[in-house]
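The next block holds one structure in the form of structure tokens; read it before the comments.
Rule-based calculations on the coordinates, nothing more; no lab input. What you are looking at is a predicted structure, and each value in this text was computed from that prediction instead of being measured. Cβ atoms come from the backbone with ideal geometry, glycine included; neighbour counts cover every protein chain shown.
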Amino acid sequence: MNTAEDRVAVVETALGNLLALEPGRVTGLVGPPGFGLARLGLVLLASRASQGPVAYLDVRGWLSPPAAWECGIPPERLIVVRCDDPVSWGQVVANLLEGVKAVFAEVPERAKPEQLRRLAAVARSRRTPLVLRPVKGDLPAGLAHLRVEARRVEWEGAEDGHGRLRRRRMVFEASGKAMRGAARLIELEDDGTDTLRLVPGLATAPARRAAG
């Protein structure tokens, strides 16, 4: 059986530098539930877990720790915090940024833009990567250094909500300053248990020009 370190190495090799967490930068994951954004966020956290603890702030109460372990985050390196109060949420994220190697934070619906910008400033000052996943809507324009939007998802083997998942293919659009202004389509696939695999082809094809 592959170790957590093996799985992280495979993911890092597959994704290369297309979706890399950078110190002090904000990565935004945008799109509806079910498009694989949480799994992608866990994979990004796993790339930092070899350096120390990482944190997942769960607003919806949906996170399953075994799912994080399958993505390559060692159990002893994963901190899960549940907070759905938009008032205290910002302080919780700020506190996490002080003491871990990376933070994935779901963003509650009533979080204010100025609150998010303050957190981006904290992340910069601490040089801690911050992944923000709005549970609804989008992030303020220009906040995310890398913005990843879910575009399409295809399921095989789970028709009408029944059956065993054979494969899920997810298409994301990556844009922002991290992409040097050129948005790209990136296609990933998994079978629900393995690491995410990069599908060749789309990752090299620019989707359109993107401002910011």
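So if we plug the beta-carbon distance of Lys136 and Val199 into 1/(1 + (r/R0)^6) with R0 = 25 Å, what FRET efficiency do we get, rounded to 0.05? Working shown, then result.
Details: r = 28 Å, r/R0 = 1.13.
Rounded to the nearest 0.05, the efficiency is 0.30.
Fully extended, how many nm does the chain gain between Glu156 and Arg118 (0.36 nm per residue separation, minus their Cα-Cα distance)?
Details: separation 38, 0.36 × 38 = 13.68 nm, distance 4.15 nm.
Gain on stretching Glu156 to Arg118: 9.5 nm.
Taking a ≥ b ≥ c as the square roots of the eigenvalues of the Cα gyration tensor, the stretch 21-161 is oblate, since a/c reaches 1.5 or more and a/b is not larger than b/c.
State the extension gain, in nm to one decimal, for the chain segment bounded by Arg169 and Asp84, taking 0.36 nm per residue of separation less the distance between their alpha-carbons. Present the calculation step by step, with values, prior to reporting the outcome.
Values: separation 85, 0.36 × 85 = 30.60 nm, distance 2.99 nm.
Stretched fully, the Arg169-Asp84 segment lengthens by 27.6 nm.
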